[in-house]
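The values are calculated or read from the model by the stated rules, or taken from the named source; none is laboratory data. What you are looking at is a predicted structure, and each value in this text was computed from that prediction instead of being measured. Here the Cβ positions follow ideal geometry from the backbone for every residue, glycine too, while neighbour counts run over all protein chains shown. Heads up: the accessible areas ignore ligands, DNA and RNA and are worked out on the full protein's heavy atoms, side chains in. Shrake-Rupley method; radii C 1.70, N 1.55, O 1.52, S 1.80 Å.
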Amino acid sequence: MVGNKGSQPGGAERRLQDLGIHLPATPTPLGSYVQTVQTSNLLFFSGMLPIVDHKPKFLGRLGKELDVEAGREAVYTAALNVLGAAKEHLGSLDRVTRVIRLSVFIATSGDFFDQPRVADAASDLFRDVFGIEKTSVRQVIGVASLPLGVPVELDVIFEVAD
């Protein structure tokens, strides 16, 4: 995962390269929906899961089958999928002018309370790629279960330039 790098010079595409991050292909929708929809200057993402090669990379709930570090890795994987979908839709991540909102849904055993630390994996990645000045508002929500038995799902909105 990306460390605490903060804002780095250059655009998002340059930061990805400098950080050694290779984006995955956009995940294929697992149902009757599309991964991204743009209206005006807002890019909305379908709930992004920690999917790799059309399969969940992580299964279980935080506090039961998975610990904080596994949760952070799952969130990071889902956030990479967001970036991959954004790049496919926009052509370049340099068109992202702001991360508007990041919502992180975390399946927990009910007595897990470290959701913010898990969610930070996505917040930190977006900060490192887009810069601290484009940091979003965020909500973190614990839930009983998520699609396919995955531990996390991200709901993201980007502001984009023409």
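A few remarks follow.
- Considering Asp120, Asp53, the condition of being over 24 Å from Asp162 (Cα atoms), free of Cβ contacts under 8 Å to residues at least 60 places away in the same chain and surrounded by fewer than 17 Cβ atoms within 10 Å (Cβ to Cβ) is satisfied by Asp53 alone.
- Exactly one residue among Thr108, Thr97, Thr135 is in contact with a helix residue (DSSP H, G or I) (Cβ under 6 Å, 6 or more places away or on another chain) and either open to solvent by less than 30 Å² (accessible area, probe 1.4 Å) or closer than 24 Å to Gly20 by Cα (or both), and that residue is Thr135.
- Residue satisfying all of: in the range 26-35; more than 13 Å from the chain's Cα centre (by Cα) and among the hydroxyl-bearing types (Ser, Thr, Tyr); most open to solvent (accessible area, probe 1.4 Å) among these: Ser32
- Subset of the range 138-162 [over 19 Å from Asp111 (Cα atoms) and open to solvent by 60 Å² or more (accessible area, probe 1.4 Å)]: Arg138, Pro147, Leu148, Asp162
- Any hit, the range 13-22, residues being more than 19 Å from Ala85 (Cβ to Cβ) and assigned to a loop (DSSP other than H, G, I, E, B): yes
- Lone unmet requirement of (1) open to solvent by less than 30 Å² (accessible area, probe 1.4 Å); (2) at pLDDT below 95 for Gly3: (1)
- Residue in the range 81-91 that is exposed (fewer than 14 other Cβ atoms within 10 Å of the Cβ) and in contact with a strand residue (DSSP E or B) (Cβ under 9 Å, 6 or more places away or on another chain) present: yes
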